Amino acid sequence: MVSKSDAEDGPTEILSKGSCYLKDGAYHLLYDGIEDEESNRIVHHRIRMTPEQVEVTRRGSGRSYMVFQEGKSHRCEYQTPYGTMLLTFATDRLRYEEEENRITVGLEYRILLEDVPLSANSMEIQVVEI
């Protein structure tokens, strides 16, 4: 799995091994990552992908469940070790491509805190068989 994200503080790329399976018409991607470099705490990720919707669940010292659907906004309780924030994820574009041995999902979205824009973001997720 390759995840690339562009945020205000610059692009980020994450390479991670995980598992991917098809269930009920959706691909489910499971992988673990490091929460931050200082604590080395493990974060468990589950990404459920269809051409219409991407759901991201994070479980670590905090929890979050984010939903991305083109043209729609979804509220999320984004839990951190420092407290919970009510964020809105407004998806401007969702691109889904499925090829032999590869799935690519592109997202363009905005994050709002109490209806105040925080950032405009883009993310690309590539799932490749190795």
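The values are calculated or read from the model by the stated rules, or taken from the named source; none is laboratory data. Because the structure is predicted, anything quoted here is derived from the model rather than measured. Cβ placement follows ideal geometry from the backbone for every residue including glycine, while neighbour counts extend to all protein chains displayed.
With respect to residue 110, determine if the residue is surrounded by fewer than 16 Cβ atoms within 10 Å (Cβ to Cβ), modelled with pLDDT of 95 or more and part of a strand (DSSP E or B). Talk me through it step by step, then tell me what you get.
Numbers: surrounded by fewer than 16 Cβ atoms within 10 Å (Cβ to Cβ): yes; modelled with pLDDT of 95 or more: yes; part of a strand (DSSP E or B): yes.
Yes; evaluated as a whole, the condition is true for this residue.
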Q) For region 95-120, which residues satisfy the criterion of being within 14 Å of the chain's Cα centre (by Cα) and closer than 18 Å to residue 57 by Cβ? A) 105, 107, 109, 111
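In a strand (DSSP E or B) and over 12 Å from the mean Cα position of the chain (by Cα): is that true of residue 27 in this structure? Quick ask: steps written out before the conclusion?
Values: in a strand (DSSP E or B): yes; over 12 Å from the mean Cα position of the chain (by Cα): yes.
Taking the combined requirement at face value, the residue satisfies it.
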Q. Assuming residue 97 fulfils every condition listed in (1) touching a residue at least 12 places away in the same chain (Cβ under 8 Å); (2) in a strand (DSSP E or B); (3) surrounded by fewer than 18 Cβ atoms within 10 Å (Cβ to Cβ) apart from one, which condition is it?
A. (1)
Q) What is the one condition in (1) under 13 Å from the mean Cα position of the chain (by Cα); (2) outside any strand (DSSP E or B) that residue 46 does not satisfy? A) (2)
Q) If the Cβ limit is 7 Å and pairs must be 6+ apart or interchain, which residue in region 55-67 that is buried (at least 18 other Cβ atoms within 10 Å of the Cβ) pairs with which residue that is among the hydroxyl-bearing types (Ser, Thr, Tyr) and assigned to a loop (DSSP other than H, G, I, E, B)? A) none
Q. Identify, please: which residue in region 77-94 is at pLDDT below 95, surrounded by fewer than 17 Cβ atoms within 10 Å (Cβ to Cβ) and outside any loop (DSSP other than H, G, I, E, B) and is, among those, farthest from the chain's Cα centre (by Cα)?
A. 83
